[in-house]
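Working notes for the structure below.
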Amino acid sequence: MTLLEVRGLATAFEDDHGAARAVDGVSFTLEAGQVLGLVGESGCGKSVTALSLMRLVPLPGRVVAGEVLLEGRELLALPEREMRRLRGPGMAMIFQEPMTSLNPVLRVGSQIAEAVRIHGGVGRRAAWDRAVELLGEVGIPEPATRARDYPHQLSGGMRQRVMIAMAISCSPKVLIADEPTTALDVTIQAEILDLLRALRERHRMAVLLITHDLGVVAEQADAVAIMYAGRIVEYANVFEIFDRPLHPYTQALFRSMPSLGGRRERLEAIGGQVPDPFHLPSGCAFRDRCPRAVAMCATAVPPLVEKVADHRAACIRVEEFPRDPA
């Protein structure tokens, strides 16, 4: 069952220099219980995509085109009051940095209980008890005691667990996890990812997992969307992406990853940087960094089309060169 369908989503930011589309024509679907990995370098538009789905894009940004359908209901057309009711039970988000998302002067239990009260229609005592229960569910020891702590009294991993508890407090149908393991050590990262997997299976949530870490994607995702300069440039199931990446950008991401097998003297770096959305090059936005670019790459933006069965890529030269194995 398709829970979330995104069609042609575009989000723009305006300043004195004009308008820049940080998200430009993004489309994807999420099924119940499915994990979609949204992958790309910093500045590619991943977090803006997530904020656009939640209708939380900060000014001067605004969604300028597209549709976001949650169980067939168009979210971008809802009045703000209805959208506030939907955030939580319909769609929830784990934000990237807990210390900037949690209120530093409120106990963590109170912050979780507030969401339960607003969306669950229960009293203060019941909401507090539910907050303690949720802290236990996400693996925080002595949850009744920890519920009375302030964010600065918790470790980074425990703060992330608090954010997850808050996000699942209303049993959302769709969970957006924006870089949920950023700034955590490897052991804690693994614990957080195991927790997200267990919660997804238990609650049958669909998950949009935003990350730049292809290792996390390999472990967690069912499907993968590779994003560059505000657009999805490759989209397929996780096995197909890792077995035979089609787009030169995806291939470059894989070549920049360390590997446990074989020897490699030096990892490859992708030359240059993600272009400024106010000054995108003509045609393919990746062409200035692409070793396979030709003059034709500057003439038009390549569409995201199916190149092989259930595997889409936005590159005019896919058919001309052999596919690199991941």
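The values are calculated or read from the model by the stated rules, or taken from the named source; none is laboratory data. Since this is a predicted model, take the numbers as computed values, not measurements. For neighbour counting, all protein chains shown are included, and Cβ atoms are generated from backbone atoms with ideal geometry for every residue, glycine included.
Quick notes on this one:
- With respect to (1) of a type outside the set (S, T, N, Q); (2) in contact with a helix residue (DSSP H, G or I) (Cβ under 7 Å, 6 or more places away or on another chain); (3) surrounded by fewer than 24 Cβ atoms within 10 Å (Cβ to Cβ); (4) not assigned by TED's automatic domain parsing to the domain that holds A50, the lone exception for A165 is condition (3).
- Exactly one residue among A223, A218 is surrounded by fewer than 18 Cβ atoms within 10 Å (Cβ to Cβ), over 12 Å from the mean Cα position of the chain (by Cα) and at pLDDT 90 or above, and that residue is A218.
- Among the residues of this structure, M1 does not count as one that is of a type in the set (A, V, I, L, M), within 15 Å of Q96 (Cβ to Cβ), surrounded by fewer than 21 Cβ atoms within 10 Å (Cβ to Cβ) and in contact (Cβ under 8 Å) with a residue 24 or more places away in the chain.
- If the condition is being under 15 Å from V207 (Cβ atoms) and part of a loop (DSSP other than H, G, I, E, B), then region 166-196 contributes S171, P172, K173, E179, P180, T181.
- Test: residue in region 168-188 that is touching a residue at least 60 places away in the same chain (Cβ under 8 Å), surrounded by 22 or more Cβ atoms within 10 Å (Cβ to Cβ) and over 17 Å from the mean Cα position of the chain (by Cα): yes
- Hey, V57 part of a strand (DSSP E or B), buried (at least 19 other Cβ atoms within 10 Å of the Cβ) and assigned by TED's automatic domain parsing to the domain that holds V233 or not: no
- Index of the failed condition, R197 passing every other in (1) free of Cβ contacts under 8 Å to residues at least 60 places away in the same chain; (2) touching a Phe, Trp or Tyr at 6+ places or on another chain (Cβ under 9 Å); (3) under 27 Å from L86 (Cβ atoms); (4) not assigned by TED's automatic domain parsing to the domain that holds V105: (2)
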